[in-house]
1. Going through the stretch 415-427 one residue at a time, which ones are out of contact with any Leu (no Cβ under 8 Å at 6 or more places or on another chain) and assigned to a loop (DSSP other than H, G, I, E, B)?
2. Name the pairs: first residue in the stretch 149-164 and of a type in the set (Ser, Thr, Tyr), second residue outside any loop (DSSP other than H, G, I, E, B), Cβ to Cβ under 6 Å, at least 6 apart or on different chains?
3. What number goes with the only condition from (1) closer than 30 Å to Arg215 by Cβ; (2) among the basic types (Lys, Arg); (3) modelled with pLDDT under 95 that Arg38 does not pass?
4. If I go through the stretch 639-656 residue by residue, how many of them are surrounded by 15 or more Cβ atoms within 10 Å (Cβ to Cβ) and in contact with a strand residue (DSSP E or B) (Cβ under 6 Å, 6 or more places away or on another chain)?
5. Please find, among Arg519, Arg508, Arg499, Arg504, the residue that is farther than 16 Å from Thr293 by Cα and among the charged types (D, E, K, R).
6. Collect the residues in the stretch 617-665 that are on the phi > 0 side of the Ramachandran plot and touching a Phe, Trp or Tyr at 6+ places or on another chain (Cβ under 9 Å), keeping them in residue-number order.
7. Across the stretch 505-536, what is the number of residues that are free of Cβ contacts under 8 Å to residues at least 40 places away in the same chain and more than 25 Å from Ile346 (Cα to Cα)?
8. I'm trying to understand the selection: among the residues of the stretch 438-463, which are within 17 Å of Thr192 (Cα to Cα), hydrophobic (A, V, I, L, M, F, W, C) and in a helix (DSSP H, G or I)?
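The values are calculated or read from the model by the stated rules, or taken from the named source; none is laboratory data. Only a predicted model underlies this, so the values are computations on that prediction, with no experimental measurement involved. Glycine also receives a Cβ, built like all others from the backbone with ideal geometry; neighbour counts cover every protein chain displayed.
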Amino acid sequence: MPIVRVAVPVPLPQLFDYLSDDATQEDIGRCVQVPFGRGEKNGLILALPEQGDWALERLKPVTHIQRDLPRLPSDWLELVAFAARYYHAPIGEAVALALPPGLRRPRVRSRGKPSDAVAVDNGECQIGICPALTPAQADVLATCRAAPAGFAVWLLVGVTGSGKTEIYLRLAADVLAAGKQVLMLVPEIALTPQLEERVRARFPAAHIVSLHSERAPVARARGFVQALEGQADIVLGTRLAVFTPLPRLGLILVDEEHDASYKQQEGIRYSARDMAVWRARQRNVPVMLGSATPSLESWRHAQNGRYRLLNLPDRALASALPVVRLIDIRRYKLDEGMSPPLRDAIAARLERGEQSLVFINRRGYAPVLACPACGWVSQCPNCSAHRVVHLADRRLRCHHCGAESAIPRACPDCGNQDIRPLGRGTQRVEVRLAALFPTARVLRIDHDAARTPARREALLAAIAAGEADILVGTQMMSKGHDFPRLTLVGTLGADASLRAADFRAPERLFQQLMQVGGRAGRADRPGEVLIQTEVPAHPLYASLIRHDFDAFARSELDHRQAAAFPPFSYQAMLRADAPELATAVGFLRQAKQEAILLADSAVRIFDPVPMRMTRLARRERAQLLVEADQRGALQNFLAQWLERIYALRIQRGLRWHVDVDPMEV
C-alpha cells in the first residue's frame, strides 16, 4: 500500500506519513484529509516515498484525497517550500498559510471558462480609455518594452500623482496580449476596490479575480481555483495573493512596495514583496516595484544595480507638486493641536470651496484618561498600554487587545470627578474643527468610522462627490486616493517619530508625510502641505520641502551603514511570550546558550530583553536579536539553531516564533 507524505498545519518542522490504497504520483499537490490525534486535519500531499520512517502497521490511512480539482503545480510547491525554508516555519503551516481556508474543504469548484487574451494592439489597449502619456511615462514604457524577456526587477520611483498605475496597466496590456497572466499586489484592502474598478474599466474582457482576507472563504477559494486552472487573466490582491498559483504568469506588479503591510506580523512572518521578487526569478518573469518613497532596501538595490531604476519625476495631471511649508509650533499657542496658521489656511480653503485634510495618525478622542488628583490613568488590564478615550460611544478601549469599559464618571481610585482626557486623536480634532467652522462639513476617516468595506466606500464616495469640506484622517488617507478638490494637507504630531527608538522610524515618517502630502493639489488647483513641528531645522524636513527622496535616502543609508543596521546587515528576532515574563526570558536565555555553541564570528547574538510593549493580551513578551553581515551566514546559523530550539524542554504556557527580516526591533 503506497505511503503518502503529508504536510499538516501543526507547529512541528516535519511531514507525516499515511497509507493510501490508490494514491499515485499524480496526487502530489492535492489536498487530503487525514486523521490526526483525536480528530482529523486537512493537509497537502507532498511526496509518495518508497519507504517511510515508521513501520507500516503504525501508519493510519488517509480519509479523503480531493481529486475534483487540479493538483497544485510543482512551482507552487517550490514557492511554499521556499517560504517555509527562508522564514524557518513548519512546512505544514506554510501550506496552510498559502491555501485559502475554503479550498481545503472538499468540492470547491470554479465557475467560468478559460478566457481568451484581451484584445490589444502592440500592447496599447483598444478597450477602455487610455490617457495620453507624459514624456516620462513614455520613456519608462519604452525602456521596459526594449528590455530582454525574462526575469528583471524594475523599481519605479514616481512622485505622487505621476501616473504609476498607468504604467502598470500598459505593461499588463502587453502581457495579456501575449496570452499570459498578471499578478497585481496592493498593500491594503482599502486600496483594492478602486484599483479593481480601474482595471476592469481598462480590460472589460479580462477575467479578473480579487483576493484578500475580507472576501468570504468560499469566494477566495473559488478565485484561487480559477487562477490555478488558468481562467483568471489578472489576479489582484493583498499580500496573501502572492501565493496564488498562476500557470501562465507573465508579470508581477507590486504597488506601494515600501508599505509595511506587505510584511505579515502573525503566524509566518513573510514579506509578500520579497516573495514576489523570488517568485519572479523562479518563473523567469519581470516584477515591477512601484512607490513614491521606496524602501531603503529596494533603493539600495537600485543604486547597486541589482534592481533597474525607473523615474517619473513629475505629476501626470497637476502642474506642480504641492508646496511644503513648516509651522514652528514653539511660536504659537495650539488649539487642540492646531496652530493659527493651519486654522487660517483651512478657512481660506473653505472660502474658495476647496477641501482640506487634517492628518493625525491617532484614532479615538484622546489616548488616555487621567486623574490629576491621584495620578490614576486608564491603563489596560491586559496590555502595557492605555485604554483610549472614545467619546462618541463613551467607552475606554484598548487598541491592542480590544478590552473596553464605560468611561467612569469619577476616578476609580480616589473618587475625583474632575478626570480629564489627555492628548488628542481624530475624534477630538473632528469635534474642535466642527466648533471652529460651524458651517463646514467635517468628515472623519479612520478605522472606527470605516469599520466595514461598505462604510469605507461610502465615505470615499462622499469625499469624491464634494460632500465634505474638512477631512480628519489617519494613515488610511495617506495613499492611493485622488480627490481633485483637496488642496490643503495639515499634519499634527509628526515629531513623535523623530524621538522613537526604532531605527526605521525616520524612514516611515518621511514616507508617510510624502504620501499624505501627495493627496493635495492632484488636479488643476495648486496644493499646499503644512507640517507642524518643534524641530523645523531637522534634515528630514529639509528633504521633504524639496521633495528630495534621493537626499533623504543617502543620508539615512549613511546612518544605517555607520550603525550596521539593515540593509547593511541581516537580522532575525526570536520572540517568546508566556503568562510570566521570567518564563519568556528564561527560555530565551536557554536559546542564547545554544546559539553561543553554534555561532562563529559571522553571527552576533544579543541578550534577551523585554519587548517595548511587554504585556499584550495578558501575556508577557521578550525577544532576542541575532544579526549577521551576510544573509547566507544568518540563514545557515538559523537552520542549525532552530533544530536545537525545537529540542528544548518548553515550559507549559510558553509560545515562541522566529521573525526573519523583522520590521520592528
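1. Within the stretch 415-427, Gly415, Asn416, Gln417, Asp418, Gly423, Gly425 meet the criteria.
2. Ser162/Leu312
3. Exception for Arg38: condition (1).
4. 2
5. Criteria check complete, one pass: Arg499.
6. Result: Asp661, single match.
7. Here the count works out to 1.
8. Scanning the stretch 438-463 gives Ala454, Ala458, Leu459, Leu460, Ala461.
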